Each structure stands twice: as C-alpha cells, then as structure tokens.
Amino acid sequence: MRFLLFFMLFVVQLKAQQEVLFEGKVYDSKTKEPIPYVNLSFLNTLKGTSTDDNGYFFLDIPTAYLNKQVHISSLGYKDSIVVAKSIYEAKQFNLVEESFELDEVVLVKSYGDSEVLNPISSYSLTSGFSSSSTPWVLALYFPNIGAVKKYINKITIFFQQNKKYNREASKFRLRIYDVDPVTKKPNKDILRKSVVLESHKEKDYVSIDLSAFNIKVPNEGVYVGLEWLFVPHNWYKKLGNDPITNKAIIEDRFAPTFAGVYNKNQNYKAMVYGMGTWNPFVVKSKDKIKSFIPAISLKLSKK
C-alpha cells in the first residue's frame, strides 16, 4: 500500500515536472497598454493560445516546449518570433506597432454597379470548419476578373450551429489580404484595423459593411480570412474517441464553427494558416467537380 501511494505521488510529481504553465501579458511597446486577441502559436506544433480582453494568456505546455519558437501576431503590429523561455521568464511581451502610410478614407454614401461573389443560400450549407489545437486563419480567395477597379462593400460570413457550444455568441477576427505575386498565397493585410466580430446563436450569418474603409481590390484579387481566437469565452469541450485506442477522450475546442459549401467555380480556393505557414485546403465532392470552401460572400462595388 505504501509502495502504491509512493508510486502515485511519483507519477503526479513527474507529470508536474513535465508540464509548466505558460502565462503572461502582451503589451503595446509604446503605450504599455495590454493588447487583446493576440495569437501565440508554437511553430511546427499544434499548440497555441490567444490573449483575452485584458491581454492575458495562459497555456499548459510540456517543459521541452520552452526551447521552441513562438509566433506572436496581432493585426496592426509586427509579427514576432521568439523563444518561449524568454516569455516564460518575463511573464510578458511587448509588440511593436506596424508602421504604414494610411490611405485616405473616403466616406461613400452610395455606390454604382455592384456584384456579389460566391452568393450563398442557407440551404446550401453542408458542413463546417472548426479549430481545436492552435489559432488558425481560414481564407478564401476571390479573383478580380478583368482586373477592374472595384471596392469591397460588404462581407457576409455563414456559420454552422454547434449544440456543444452553449454561450450566446463567440468571437473571431476578420482579415483581408492581398495576393503574393509569386506564391499566389495570402500576403499583406489590407484591412489595417483589427475587426473582431461575433457569431450569434440565433443567426447563421453575420454581415459587415466595409464601404467606409475604401478598400480597393488589387488586380490579382483578394483573400478574405477568418481568424479563430483562443480565448476562454470561445472554449468548449468535445467528447470523442481516440482513433488508435478507441478510448474516450475530452478534446478542447474553440468556437465558432464556420460553415462551408461545395462550389464548382474553380476560381475560388481555400487556404489555411497554421504553424507559421499558408497551405492549400483541398476537399473535393464525390464527383470531383466541386470544391469545399468557406461560406463567405463578398459584395464588390464600382464607383
């Protein structure tokens, strides 16, 4: 009995030694104000978290992860990559604001001709995209056919209702990128403001009017990105089974669940950002004619 008790204590102590609490706050290097909704991802792993409304983050990590690099990113600030141990010891990190020349913002009361790319009906929603391990960005490419001068007027994002998530609303960040001329992947943010939106339980979509930002669509097109935020408000548990042992497991998940549709227009393509890189997301229908893409509609207008 004593041996069993000793063994159990040894296992508990060993586990405690193998994991540490990675916590702290992220601040603006100039104003010293905490920054909410900053994503921290351990490169080449599926481990990550986000700061909450007060700039605070916490995550249990294996001790060995202290020697890994952490990618720290937030819209409006320069991306940083640092060794986790330095953050762990300081319990804080300062982000440097990104400097750029602001384009003139023109408030537009009305537009002329407009068009909607990837129009979606709620009846066409089939499945969805969710996140479980590290903050991801899911992006959909919209072409600028004919490289005509167009402006982003409105973006509509659809969701899949999730019965396991019991709160009334969840938060996510909207991103808009231009296109890298070489790789054709998402490149620089052209929406310079951090726009955090909410998905509500009683609605299967949210729309945002961006006409006041005067965002011109580049000739190469644009990517609309949806960024998960690993904040406590978005967290929920999902019960499942280990694919190898078939034993019951509890998995941490984060809302929202973005809806997806099958579309046969090959101009639209999905990309996923995680572990420090952009990669194509390719899922085909059974007949190989359609591709599964995020349910995002983009309304463009001409002046």
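The values are calculated or read from the model by the stated rules, or taken from the named source; none is laboratory data. Keep in mind it's a predicted model, so treat the numbers as computed, not measured. Don't worry about glycine lacking a Cβ; one is built from the backbone with ideal geometry, like all the others, and counts go over all protein chains shown. Heads up: the accessible areas ignore ligands, DNA and RNA and are worked out on the full protein's heavy atoms, side chains in. Shrake-Rupley method; radii C 1.70, N 1.55, O 1.52, S 1.80 Å.
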Any residue in region 115-126 that is in a helix (DSSP H, G or I), open to solvent by 40 Å² or more (accessible area, probe 1.4 Å) and touching a residue at least 24 places away in the same chain (Cβ under 8 Å)? yes
Condition set open to solvent by less than 80 Å² (accessible area, probe 1.4 Å) and among the basic types (Lys, Arg), scope region 175-191, selection farthest from the chain's Cα centre (by Cα): answer is Lys185
Flagged in region 285-303 as open to solvent by 60 Å² or more (accessible area, probe 1.4 Å), touching a strand residue (DSSP E or B) at 6+ places or on another chain (Cβ under 6 Å) and more than 26 Å from Asn214 (Cβ to Cβ), in numbering order, are Lys290
Among the listed residues Lys171, Lys154, which satisfies the condition of being modelled with pLDDT of 95 or more, part of a strand (DSSP E or B) and in contact with a His (Cβ under 9 Å, 6 or more places away or on another chain)? Lys171
Could you please let me know if Ser86 is at pLDDT 90 or above, among the polar types (S, T, N, Q) and loosely packed, with under 13 Cβ neighbours inside 10 Å? yes
Which of the residues spanning region 198-224 are part of a strand (DSSP E or B) and over 20 Å from Leu300 (Cα atoms)? Glu198, Ser199, His200
Given (1) open to solvent by less than 90 Å² (accessible area, probe 1.4 Å); (2) modelled with pLDDT of 95 or more; (3) not hydrophobic (A, V, I, L, M, F, W, C), identify the lone condition not met by Ser194. (2)
Taking region 247-267 and keeping only residues that are open to solvent by less than 80 Å² (accessible area, probe 1.4 Å) and either closer than 24 Å to Val196 by Cα or among the basic types (Lys, Arg) (or both), one is left with Asp252, Arg253, Phe254, Ala255, Pro256, Thr257, Phe258, Ala259, Gly260, Val261
